[in-house]
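One structure is given here, and the rest of the page talks about it.
The values are calculated or read from the model by the stated rules, or taken from the named source; none is laboratory data. This one's a predicted model, so the numbers in the text were calculated from it and none came from an experiment. Here the Cβ positions follow ideal geometry from the backbone for every residue, glycine too, while neighbour counts run over all protein chains shown. Remember, those area values only see protein heavy atoms, side chains included, never the ligands or the DNA or RNA. Shrake-Rupley method; radii C 1.70, N 1.55, O 1.52, S 1.80 Å.
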Amino acid sequence: MRQAGRYLPEYRETRAQLGGFLELCRSPDKAAEVTLQPIRRFGFDAAILFSDILVVPDALGQKVSFTEGEGPKLTPLRNLEDLSRLGMDGFQGSVAPVFQTVRQLRQKLPEEVTLIGFCGSPWTVATYMVEGGSSKEFLAVKQMAFKDSGLFQRLIDLLVDASFDYLLGQIDHGAQVIQLFDSWAGALPELEFIRWVVEPTKRLVARLKAARPGIKIIGFPKGAGVLTEIYALETGIDGVSLDSSQSLAWAVRTLSPKVTLQGNLDPVVLLAGGPALERSVDHILETTKGTPFIFNLGHGILPPTPPEHVSGLMQRIRG
Ligand code: CP3
């Protein structure tokens with residue numbers, strides 16, 4: 001996730017060779033290289049494309065920058081005039097390098113390693129676009145959704161269109177599974193959750209499945225709590241990635257096997273290591289025994305995580 005790679009010295013080395021982070025996302029050779037690094041080291045079953053969810057607003061014409069230690073910065077989108085400046089004109093040209101990365105990866109990865117493409121969900125990407133960066137309270141974006149829902153709907157619709165084109169390109173260049181990151185799904189109350197998280201995701205999933213039947217889609221509605229049930233069952237996704245606060249036993253009872261489960265080891269447990277890590281891994285494996293399940297973290301790996309903890313985790317899972 002957004003932390004990915006930074007725990008590996010080989011990532012930090014490649015990263016240092018380029019100026020900006022988005023430059024890395026737009027350099028197919030380098031982006032493919034950092035995608036392959038953890039696969040070589042740990043032998044995971046799947047690789048996730050190295051890119052970022054904020055590639056999409058950037059390609060729509062909203063300036064995005066990353067400053068070390070400050071997180072992403074965007075020119076905040078607050079009104080119709082701001083929205084009118086954005087559009088699909090330069091979109092394909094801007095995301096073309098990401099498609100080249102996907103193509104290279106499919107050629108370079110061992111055949112049995114699944115390649116996962118991704119984008120942010122419309123709601124989560126909209127939070128960054130309206131707030132102008134990361135946020136704790138989401139005051140601007142939630143107020144827009146509550147008070148100016150016509151304008152907000154236009155933004156969400158633009159993001160559904162852009163995400164569709166972006167994901168279709170990834171699929172056509174070799175992505176075999178798609179993951180939708182909805183990191184801030186938990187910021188909305190129930191009615192707005194349905195309107196701005198479930199509905200746009202459902203539309204995006206339906207369009208992708210109509211265009212490319214058979215494509216598998218995983219959704220990650222972080223922080224959605226019990227609303228995860230509506231999300232998992234209504235959007236048409238094939239798999240749901242659960243954050244670490246979710247009960248896997250609940251998910252097994254409620255969602256499985258209609259939807260494949262993924263998750264949900266706490267990244268801090270992986271950082272801590274030792275008996276707590278072993279206990280948590282065993283708990284996850286026991287709870288999901290006999291159920292279709294993809295072992296994953298509940299959120300992004302933390303930069304200070306010792307790589308040996310990751311190899312220990314792999315040994316524990318594979319026995
Ligand atoms: O996991 C992978 O290897 C795939 C790559 C990936 C990145 N971002 C690379 C990245 C993925 C899947 C993402 C998704 C992403 N990006 C999300 C959704 C998942 C989540 O973590 O909740 C979000 C919300 C973002 C937005 C984003 N990108 C933020 C807030 C930041 C700054 C984080 C910080 O602490 O500074 C990023 C930057 C980013 N994206 C990095 C990486 C490896 C760090 C850049 C660096 O090397 O300095």
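For the modelled label position 7 Å from the Cα of ARG6 along Cα-to-Cβ, which residues of region 53-79 have backbone nitrogen atoms closer than 12 Å?
Counting only backbone N, you get 67-72.
When the gyration tensor of region 251-300 is built from Cα positions, what are the square roots of 5 times its three eigenvalues, in whole Å, from largest to smallest?
Sorted largest first and rounded, they come to 22, 12, 7 Å.
Spin-label point model (7 Å from Cα, Cβ direction): what's the SER65 to GLU192 distance in nm?
Result for the modelled spin labels: 3.0 nm.
Could you give the semi-axes, largest first, of the ellipsoid that matches region 34-91, computed as the square roots of 5 times the alpha carbon gyration tensor eigenvalues and rounded to whole Å? Can you show the working numbers first?
Numbers: eigenvalues 207, 42, 12 Å².
Computed over region 34-91, the values are 32, 14, 8 Å.
Could you tally the net charge around GLY274, taking each other residue with its Cβ under 15 Å from the Cβ of GLY274, Lys/Arg +1 and Asp/Glu -1? Could the numbers behind the result be given before it?
Details: positive: ARG279, ARG316; negative: ASP266, GLU278, ASP282, GLU308.
Neighbourhood net charge equals -2.
Over the Cα atoms of region 141-194, each weighted equally, I'd like the Debye log10 I(q)/I(0) at q = 0.16, 0.18, 0.31 Å⁻¹, rounded to two decimals.
-0.63, -0.74, -1.22
When only Cα pairs under 8 Å and 6 or more residues apart are kept, what is the percent relative contact order across the chain? It would help to have the intermediate numbers written out before the result.
Values: 529 pairs, mean separation 51.8, N = 319.
Over the chain, the number comes to 16 percent.
Roughly how many Å is it from the Cα centre of region 235-293 to that of region 113-136, as a whole number?
22 Å
For a Förster distance of 30 Å, can you work out the FRET efficiency between the beta-carbons of LEU233 and GLN176, rounded to the nearest 0.05? Could the numbers behind the result be given before it?
Working: r = 24 Å, r/R0 = 0.79.
That pair, LEU233 with GLN176, gives E of 0.80.
What trypsin sites (Lys or Arg not before Pro) in region 211-319 are in a loop by DSSP, with at most 15 other Cβ atoms within 10 Å of the Cβ? It would help to have the intermediate numbers written out before the result.
Values: sites: LYS216, LYS222, ARG253, LYS258, ARG279, LYS289, ARG316, ARG318; in loops: LYS222, LYS258, LYS289.
Filter output for region 211-319: LYS258, LYS289.
Taking a 1.4 Å probe, which of LYS63, LYS108 shows the most accessible area, and what order do the others take after it?
Putting LYS63, LYS108 in descending order of accessible area: LYS63, LYS108.
Computed over the Cα atoms of region 187-271, what is the ratio Rg over Rh, Rh following Kirkwood?
Values: Rg = 13.2 Å, Rh = 13.4 Å.
Checking Rg against Rh, the ratio lands at 0.99.
Have a look at region 72-224 and give its Rg and Dmax from the Cα atoms, expressed in angstrom.
16.0, 50
Treating the beta-carbon of each Lys and Arg as +1 and of each Asp and Glu as -1, no other charges, what is the dipole magnitude of the chain about its Cα centre, to the nearest 20 debye?
On the way: 33 positive and 35 negative charges, 63 e Å.
It comes to approximately 300 debye.
Whenever you get a sec, line up THR35, THR75 from highest to lowest accessible area (probe 1.4 Å, protein heavy atoms). It would help to have the intermediate numbers written out before the result.
Numbers: THR35 5, THR75 85 Å².
Highest to lowest solvent-accessible surface, that is THR75, THR35.
So if each residue of separation counts as 0.36 nm, and I subtract the Cα-Cα distance between PHE44 and LEU18, what length gain in nm does that give?
Length gained, PHE44 through LEU18: 6.7 nm.
Label points 7 Å out from Cα along the Cβ direction at ASP82 and ARG316: separation in nm?
Taking the simple label geometry, ASP82 and ARG316 are separated by 4.3 nm.
Suppose we flag GluC sites (Glu not before Pro) only when DSSP calls them loop and at most 16 other Cβ atoms lie within 10 Å. Which is the longest uninterrupted stretch of the chain? Don't skip to the end; give the middle numbers.
Numbers: sites that count: GLU68, GLU70, GLU111, GLU112, GLU137.
The longest such stretch corresponds to 138-319.
Kindly report the accessible area of region 219-311 per residue (heavy atoms of protein chains, probe 1.4 Å, no ligands, DNA or RNA), in Å².
Details: 3910 Å² over 93 residues.
Accessible area per residue: 42 Å².
Given 0.36 nm per residue, what is the gain on full extension from GLU286 to TRP250 after removing their alpha carbon distance, in nm?
On the way: separation 36, 0.36 × 36 = 12.96 nm, distance 1.35 nm.
Full extension of this stretch gives 11.6 nm more.
Cα atoms only: what Rg and Dmax, in Å, come out for the chain?
18.8, 57
Whole-Å semi-axes of region 52-143's equivalent ellipsoid, largest first, each the root of 5 times a Cα gyration tensor eigenvalue? Walk me through the intermediate numbers first.
On the way: eigenvalues 163, 51, 27 Å².
Taking √(5λ) for each Cα gyration eigenvalue gives 29, 16, 12 Å.
Using 0.36 nm per residue, how much length does the chain from ALA140 to LYS216 gain when fully extended, once their Cα-Cα distance is taken away? Before the final figure, lay out each step's value.
Working: separation 76, 0.36 × 76 = 27.36 nm, distance 3.37 nm.
Result: 24.0 nm gained on full extension.
Based on a Kirkwood Rh over C-alpha pairs, give the Stokes-Einstein translational diffusion coefficient of region 210-319 at 10 °C and viscosity 1.306 mPa s in µm²/s. Intermediate results must be reported in sequence, preceding the final value.
Values: Rh = 14.6 Å.
So the translational diffusion coefficient is about 109 µm²/s.
For region 1-125, how big is the tail of P(r) above 20 Å, as a whole percent of Cα pairs? Kindly include the intermediate steps, with their values, before the conclusion.
Numbers: 3610 of 7750 pairs.
Every Cα pair in region 1-125 considered, those over 20 Å come to 47 percent.
Can you give the relative contact order of region 87-219 as a percent, counting alpha carbon pairs under 8 Å and 6+ residues apart? The partial results should precede the final answer.
Numbers: 143 pairs, mean separation 45.7, N = 133.
Worked out over region 87-219, it gives 34 percent.
Viscosity 0.890 mPa s, temperature 25 °C: what is the translational diffusion coefficient of region 174-222 from Stokes-Einstein with a Kirkwood Rh over Cα pairs, rounded to a whole number of µm²/s?
Numbers: Rh = 11.6 Å.
In µm²/s, the coefficient rounds to 211.
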